[in-house]
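Okay, so here's the structure we're looking at.
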Amino acid sequence: MGALQVRLFLTYLIIIGVTLGLAALSLFLLLGGYRDDISYSSLEDIGVLIDAQANTQVQEAGTAPGTPGAFPEGAELLLALRSILERGGSDSDLARQTSIAIVDAGGRVIPGGWASAVNLEGASAAGLVPETGELPAGRSPLRCRLATPTGPDLLCVSMPLSDAVKAAFPNSGASALVVAQPAASLREVLGDLMPRMLFSGLIGVAAALVLGFLLSQSVAAPLRNIARAARSVARGNYRQRVPATGPREVRDLAANFNRMTEEVQRSQQTLRDFLANISHELKTPLTSIRGFSEAVLDGTIDDEPGIHRSAKIISDESSRLLRLVQELLDLSRIESGQVSMRQDAILLDELFAHVSEVFALRSDESDVRLELAAPPGARIRGDFDRLEQVLNNLLDNAFRHTPRGGTVRVASRELTPGTLQISVADTGAGIPGPDLPHLFERFYRAATSGNGKGHGLGLAISREIVRAHGGDIWATSEEGRGTTFVFTLPSAGRKERSAAAR
Ligand SMILES: Nc1ncnc2c1ncn2[C@@H]1O[C@H](COP(=O)(O)OP(=O)(O)O)[C@@H](O)[C@H]1O
Ligand SMILES: [Mg+2]
């Protein structure tokens, strides 16, 4: 078990322990009252029984039981009642624990009027005797608590004596019979219940141990899995995935971990592809540079035109290399956000005019018409040079892929308020559907592109530039009919309007 699981486990145990303790405590308190209730009702039964039997005896005998005159009347009465208790109670234990006393109308125990193990001399309790002297109907006993001068409190019930009994002992001053038992102390209740409580507590703790272990395991085990997987990823095993189990938060963690690992794996793969692509792109020009320079050096090529041709090839190839390196640097600088795009308001007309100048000669040479149409006064917000770079890339591609007699059309329209879209459409060979989603990846060249001069970085750079402007770029194509590249840019409003506002 790891530290987390131990903690969870202990937490469960502590919670269960505290709960069990509280439950036990409240149970004790409740049961204490319950026991008092039981004691009271058994005392009431005894009280009613004794009085009823005394009543019967007195009426049958027509006179007082016992030996008249031998004792004071109070003691006589008590003796009589006591013997009834001892006779009637088959439960001698109960009889031994039960004290009876006779009290006068003021609620004082009559001297000599008590019989029990507990000294009741001087014991008193308020309200032992109803003020009217006798309870009305039903003769139900009163519950009371008897404070004794020496011992603990007693639970008691007070039973007004029947008139016949009182009449039989007229000089005793007796008014009521009190039946009492020591109240069960908390310690007794505890002692009584402790073994049972302990037993059920043990069952509870055992259940808690098992449940606590399972619960803490259900949280800790998936976390351990994730930790193990993370270590494995750190060592370079990017194929590592963890199953999403356990509580929701832990499942979330696992899912996110998997996503992260996938991402790391993907970017590792991209990096590897990237290096492979660069090596490949470098290899071809470098090979011919070395081939021609060695041929010149070792005299394989020694004629003037041959040397000149070799120098030309070497120069071309190194230009190509330089361009590649330049493009790569550019791409990585834009990607990493090192290039800050200006936020100028650019007249679309101006941008188009500039591009048109650049491509005029090429249009003539390749016999491909170039049409540019911008909505009058439309302005975009951005970096003139960078946006020109995008258009140059797109137009270069378009001219490269459009046969003689074709047309390259650059147009613009408002897509939504605040967004302009610019499209570059050609009437070239088109791009096969499967290639379309990959066009903007670095080094991607469509199968149809042949052995062009490009490195497949132009569109990747264009996309980075457009995105840095907050726009997007995409391509649609119909094979055999042509390709259209579209990108969006934030507009900067029309010129007339802003001029009028000023
Ligand atoms: N207008 C177009 N018509 C047909 N294919 C195109 C067009 N524009 C781009 N492509 C394809 O997309 C690939 C990627 O373009 P780009 O990133 O500019 O790379 P490069 O021009 O250096 O080859 C090209 O190699 C070509 O196959
Ligand atoms: Mg290109």
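The values are calculated or read from the model by the stated rules, or taken from the named source; none is laboratory data. A quick note: this is a predicted structure, and the numbers were derived from the prediction, not measured. As a convention, Cβ positions derive from the backbone with ideal geometry for all residues, glycine included, and neighbour counts pool all protein chains shown. When the accessible area is computed, the model is the full protein with side chains, heavy atoms only, and any ligands, DNA or RNA have been set aside. Shrake-Rupley method; radii C 1.70, N 1.55, O 1.52, S 1.80 Å.
Using alpha carbon centroids, what distance separates the stretch 387-406 and the stretch 209-253, in Å?
Their Cα centres are 54 Å away from one another.
In terms of modelled amide H atoms, which long-range or inter-chain residues lie less than 5 Å from the amide H of THR419?
SER491
Among rounded, prolate and oblate, which fits the stretch 248-335 when a ≥ b ≥ c are the square roots of the eigenvalues of its C-alpha gyration tensor, a/c under 1.5 means rounded, and a/b larger than b/c means prolate?
Verdict is prolate for the stretch 248-335.
For a quick check: with amide H placed at 1.01 Å from N, whose amide H comes under 5 Å from GLY406's, ignoring anything fewer than 5 positions away on the same chain?
Placed amide hydrogens put ARG369 under 5 Å from GLY406.
If you average 1/r over all unlike Cα pairs in the stretch 165-268 and invert the result, what Kirkwood radius do you get in angstrom?
After inverting the pairwise mean of 1/r, the radius is 20.1 Å.
Quickly estimate the mean residue ellipticity at 222 nm for the chain, helices only: each DSSP H run with n ≥ 4 gives -39500 (n - 2.57), and the total goes over all residues, rounded to 500.
After summing the helix terms and dividing by residue count, I get -19500 deg cm²/dmol.
Two-decimal Rg/Rh of the stretch 344-501 from alpha-carbon positions, Kirkwood Rh?
0.97
Rounded to the nearest 20 Debye, what is the dipole magnitude of the chain about its Cα centre when Lys and Arg each give +1 and Asp and Glu each give -1 at the C-beta?
For this selection, approximately 1300 debye.
Return the FRET efficiency for the residue pair SER279, TRP474: r is the Cβ-Cβ distance, R0 is 41 Å, and the value is rounded to the nearest 0.05.
Efficiency, from the Cβ-Cβ distance: 0.85.
Loop only by DSSP, 16 or fewer other Cβ within 10 Å of the Cβ. Give me the trypsin sites (Lys or Arg not before Pro) in the stretch 300-329 that pass, ordered by residue number.
Nothing satisfies the criteria.
Quick one: helix 186-234 against the long Cα principal axis of the chain, what's the angle to the nearest 10°, folded into 0 to 90?
Computed tilt is about 10 degrees.
Evaluate the relative contact order of the stretch 344-501 (contact order divided by residue number), counting alpha-carbon pairs under 8 angstrom at least 6 apart; express in whole percent.
After rounding, I find 26 percent.
Say each of LEU322 and GLU357 gets a label point 7 Å from the Cα, pointing the same way as Cα to Cβ; how far apart are those two points in nm?
Distance between label points: 2.4 nm.
Taking the Cα centroid of the stretch 1-64 and of the stretch 301-333, what is the distance between the two, rounded to the nearest whole Å?
Taking the Cα centre of each part, the stretch 1-64 and the stretch 301-333 sit 103 Å apart.
In whole percent, how big is the carbon plus sulfur part of the accessible area of the chain, probe 1.4 Å, protein atoms only?
Carbon and sulfur together cover 58 percent of it.
For the chain, report the % of Cα-Cα distances exceeding 45 Å.
58
Leaving ligands and nucleic acids out of the surface, order ILE314, ILE473 by accessible area at 1.4 Å, largest first.
In descending accessible area the options line up as ILE314, ILE473.
What do you get for the angle between helix 458-468 and the principal long axis of the chain? Use alpha-carbon atoms, 0 to 90 degrees, nearest ten.
Around 50 degrees separate the two axes.
Output ³J(HN,Hα) for the stretch 372-380: one whole-Hz value per residue in order, computed from phi by the Karplus curve 6.51 cos²θ - 1.76 cosθ + 1.60 with θ = phi - 60°, and x for Gly and Pro.
With the stated coefficients, the stretch 372-380 comes to 10, 9, 10, x, x, x, 5, 10, 10 Hz.
Relative to the longest principal Cα axis of the chain, at what angle does helix 248-297 sit, 0 to 90 degrees, rounded to 10?
Approximately 20 degrees, to the nearest 10.
So how exposed is THR287, as accessible area in Å² (1.4 Å probe, rounded to 10)?
80
Taking the Cβ of SER267 as the center, what net charge do the other residues with Cβ under 15 Å away carry, scoring Lys and Arg +1 and Asp and Glu -1?
With Lys, Arg at +1 and Asp, Glu at -1, the net is 0.
Just need the Rg to Rh number for the stretch 268-409, please, alpha carbons only, Kirkwood Rh.
Dividing the radius of gyration by the Kirkwood radius yields 1.09.
For the stretch 7-15, take each phi angle, set θ = phi - 60°, evaluate the Karplus expression 6.51 cos²θ - 1.76 cosθ + 1.60, and give the result in whole Hz per residue in order, putting x for glycine and proline.
Taking θ as phi minus 60°, the curve returns 4, 4, 4, 4, 4, 4, 4, 4, 4 Hz for the stretch 7-15.
Could you put GLU263, GLU479 in order of accessible surface area, largest first, with the 1.4 Å probe and the full protein assembly present?
If we order GLU263, GLU479 from most to least accessible, we get GLU479, GLU263.
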